[in-house]
Amino acid sequence: MAGNSTQVKTAMAANSAHVKRLLQTKQCQGGDLSEANLAQFNLSGAYLEGAKLMFANLHGANLSGANLSGADMCFANLVAADLVSADLRGIDAEGINLLDAKLNRANLCGADLGFANIVNTKLEEANLCGADLDGANLIGAKLNRANLSGANLGGANLGHAELVAANLSNANLNDTRLVGADLSDANLAGANLTAANLLNANLSGANLSGANLSGANLANARLDGAIGLYIEPQGGSYRHEPPRSGVPQPAPSYASFSQPSLYRSNSPT
């Protein structure tokens, strides 16, 4: 059994039979572990598919390689938890606290992470395709090479997040805060970036083909080598077709709306 006797006694304060089964066998699929105190326990490789973990305390727990697919983890505490390579597909985790957690190579496809705390979380090479991160706080998160295709990040805060070579194709980034974020070589093709704040963001080498940049703030953003952008005369509105000349103009290395030009997405023809 993982943990010392004091930890085990504390954990039993929830559904004792289900907690005991988990600690003895690392299996509790569909079990009720809501409000259980499992902080610091070694649950690597545990089978928790469909388990109820609402408001559970898993601070610092080791869940690497665990199967939590379909689990209800709303408002659970996973601060500094290890979820490397964990299966988290389709979890319901609104309001979850993943501060400083490690989720590299984790599978979160279709997960509901609305209004989650994902500050400084490591999600490199994680799969978040189709995930709902509406209003989530991802300040300083590391999402390099992560798959966020089709994800909903509307209203999320990704200030100073690392998204190098991340796949954000067809993602919803409406009203998303990306101040100082590193999106170099990211794939943003077809993404919705309306009213997004990209102040001082690094978009060098990024693919913005067909992206909707209506009302986006690209002040002082780095755009050298970005694909799918062209400049229109001052006062023009955002459009998604190429200029009438049919010849896209190269964007300079740094965008600033104090200059007499605006940057547009150039949809592929």
Any residue in segment 43-50 that is in contact with a Phe, Trp or Tyr (Cβ under 6 Å, 6 or more places away or on another chain) and either open to solvent by less than 30 Å² (accessible area, probe 1.4 Å) or assigned to a loop (DSSP other than H, G, I, E, B) (or both)? no
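Could you pull out the residue among Ala161, Ala111 that is open to solvent by less than 10 Å² (accessible area, probe 1.4 Å) and more than 19 Å from Leu78 (Cα to Cα)?
Ala161
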Members of segment 122-140 that are buried (at least 24 other Cβ atoms within 10 Å of the Cβ) and either modelled with pLDDT under 95 or more than 13 Å from Asn157 (Cα to Cα) (or both): Leu123, Ala126, Leu128, Ala131
Consider segment 164-212. How many of its residues are of a type in the set (Ser, Thr, Tyr), over 16 Å from Arg222 (Cα atoms) and more than 17 Å from the chain's Cα centre (by Cα)? 2
Residue check: is Ala151 under 22 Å from Met54 (Cβ atoms) and crowded, with 20+ Cβ neighbours inside 10 Å? no
How about segment 18-38: which of its residues are open to solvent by 50 Å² or more (accessible area, probe 1.4 Å), in a loop (DSSP other than H, G, I, E, B), of a type outside the set (Lys, Arg) and over 15 Å from Phe55 (Cβ atoms)? Gln29
Could you list all residues from segment 72-92 that are under 17 Å from Asn37 (Cα atoms) and of a type in the set (Gly, Ala, Ser)? Ala76, Ala80, Ala81
Scanning segment 126-166 residue by residue, the ones that are out of contact with any strand residue (DSSP E or B) (no Cβ under 6 Å at 6 or more places or on another chain) and not in a loop (DSSP other than H, G, I, E, B) total 0
Going through Gly235, Gly180 one at a time, which residue ends up being over 23 Å from Asn107 (Cα atoms), at pLDDT below 95 and in a loop (DSSP other than H, G, I, E, B)? Gly235
Considering segment 195-228 alone, what residues qualify as being outside any loop (DSSP other than H, G, I, E, B), more than 14 Å from Gly159 (Cβ to Cβ) and open to solvent by less than 50 Å² (accessible area, probe 1.4 Å)? Asn207, Asn212
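The values are calculated or read from the model by the stated rules, or taken from the named source; none is laboratory data. Fair warning: this is a prediction, and the values are worked out from it, not measured in the lab. Virtual Cβ from ideal backbone geometry, glycine too; neighbours counted across all protein chains shown. Quick note on the areas: whole protein, heavy atoms, side chains included, nothing else; ligands and nucleic acids left out. Shrake-Rupley method; radii C 1.70, N 1.55, O 1.52, S 1.80 Å.
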